[in-house]
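First comes the structure, then the notes that go with it.
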Amino acid sequence: MTDGDLDAHLTVDRGTFRLDVALRIAPGEVVALLGPNGAGKSTALRALAGLQPLTGGGHVRLGGEDLGALPPERRPIGVVFQDYLLFPHLSALDNVAFGPRRRGVRRGDARRAALDWLTRVGLAEHASKRPRQLSGGQAQRVALARALAVHPRLLLLDEPLAALDARTRLDTRAELQRHLAAHPGATLLVTHDPLDALVLADRLVIVEGGRVVQEGDAATVTARPRTDYVARLVGLNLYRGRASGHEVTLDGLTLRVDDRLDGEAFVAFRPSSVALHAEEPAGSPRNIWAATIAGIQRHGDNLRIELAGPLPAAADVTPAAAAQLDLIPGRTVWAAVKATETHAYPA
Ligand SMILES: Nc1ncnc2c1ncn2[C@@H]1O[C@H](COP(=O)(O)OP(=O)(O)OP(=O)(O)O)[C@@H](O)[C@H]1O
């Protein structure tokens, strides 16, 4: 741990929901907090910002300083909320100048600094506009400028791109990445978009039910998911079973795998590694099982087939293959995966 680190243990009780998440973020590091709806991401962000009180045992320290006793406006933290929460009656310039003013910077200096930040986010010519005169992407950039204008040691972003349409999102994501790379402080990005996390963050922390279930860099997390949510996030089929050598025994089936291990294990493979056949393929070294088609969805240029049966799985097939196999819900097919297409690792 270095001097400027965020070191937080976020403990919050909200009736039946309890958050218990430890977070460390180094200066200049961007951490994405990912998780399904209701996992506690916003609660964690609000706790860091001082908008949600911690219950016993929790703490928020930044560079060794305990922020617990500081009210939100005195914390060295900048926040971009999901809906930006710009002041509707203030111009873009005064929205950005608000933070420095509140921290005692003289009016002229605060406005000059605000114009500088608006210039950096490419909005100098919109400085006098009110939030309702700005597009979604522009409002997002004003919100970012406002958060950065206080030179925060910790920047918090709550689903910063969620309110934008797909095209604006693409441009804004690229621009946001540039600003985050230049930000010397720690950054926590709350998102449930895996693409935002992969593009913007150095490290992923995944929460489910108020707890951290997995953390690490994107390569590690995507290669070795440890929960169904993470597996779906990175587009893998994931199972847990007992390994013995090159075999992993699951609930209803034993899979032959390429890796060799013993004990509790995960097995993962891509939907594109699952081949479907109308008849049982004979004389092959693959894993083969009978499955029922539970659903069919478009997935990029392919179709994603949800398979029910002893090994619930997703399989990606081309539309041509789907037509040839006459894949319709309720039909039974044979699914096959080669051992070399699986990845097994200790649970
Ligand atoms: N005002 C509240 N009072 C009591 N419980 C709440 C309140 N707001 C949220 N919760 C509970 O806290 C839990 C975490 O909610 P939170 O908004 O932090 O999740 P999230 O991960 O940000 O979800 P989402 O992705 O849907 O925004 C939820 O299960 C919810 O039931």
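The values are calculated or read from the model by the stated rules, or taken from the named source; none is laboratory data. As the structure is a computational prediction, the values presented were derived from the model and not from experiment. Virtual Cβ from ideal backbone geometry, glycine too; neighbours counted across all protein chains shown.
Restricting A174, A166, A197, A182 to those that are hydrophobic (A, V, I, L, M, F, W, C), buried (at least 18 other Cβ atoms within 10 Å of the Cβ) and either out of contact with any Phe, Trp or Tyr (no Cβ under 7 Å at 6 or more places or on another chain) or modelled with pLDDT under 90 (or both) reduces the list to A197.
Being among the charged types (D, E, K, R), in contact with a Phe, Trp or Tyr (Cβ under 8 Å, 6 or more places away or on another chain) and within 22 Å of D20 (Cα to Cα): is that true of R211 here?
Judged against the criteria, R211 is not a match.
Would you please name the residue that is farthest from the ligand (Cβ to nearest atom), looking only at residues in region 19-30 that are in a strand (DSSP E or B) and of a type in the set (D, E, K, R)? Looking at residues that are in a strand (DSSP E or B) and of a type in the set (D, E, K, R), I get R24. Cβ-Cβ distances below 6 Å connect the following pairs, each with a first residue in region 231-255 that is within 30 Å of L198 (Cβ to Cβ), a second residue that is part of a strand (DSSP E or B) and of a type in the set (S, T, Y), and a separation of six or more residues or different chains: G241/T249; L250/Y239. Considering only region 111-130, I want to know if a residue exists there that is of a type in the set (D, E, K, R), buried (at least 22 other Cβ atoms within 10 Å of the Cβ) and outside any strand (DSSP E or B). No. With the structure loaded, tell me whether A97 is within 28 Å of R232 (Cβ to Cβ) and either within 24 Å of the chain's Cα centre (by Cα) or away from the ligand (no atom under 16 Å from the Cβ) (or both) or whether it fails that test. When the stated conditions are applied, A97 does not pass them. When each of A282, A291, A218, A268 is tested for being surrounded by 15 or more Cβ atoms within 10 Å (Cβ to Cβ), more than 29 Å from A39 (Cβ to Cβ) and away from the ligand (no atom under 16 Å from the Cβ), the lone residue that passes is A291. Note on region 31-46: residues that are among the small types (G, A, S), assigned to a helix (DSSP H, G or I) and more than 6 Å from the ligand (Cβ to nearest atom) amount to 1. Here region 4-21 is the region considered, the condition is being surrounded by 15 or more Cβ atoms within 10 Å (Cβ to Cβ) and small (G, A, S), and the residue that is modelled with the highest pLDDT is A8. Among the criteria (1) within 16 Å of the ligand (Cβ to nearest atom); (2) touching a residue at least 24 places away in the same chain (Cβ under 8 Å), the one L6 does not fulfil is (1).
In the set V60, V105, which member is assigned by TED's automatic domain parsing to the domain that holds G122 and in contact (Cβ under 8 Å) with a residue 40 or more places away in the chain?
Residue meeting the stated conditions: V60.
Can you name the residue in region 331-343 that is in a strand (DSSP E or B) and out of contact with any Gly (no Cβ under 9 Å at 6 or more places or on another chain) and is also farthest from Y239 (Cα to Cα) among such residues? Taking the candidates together, the pick is V333.
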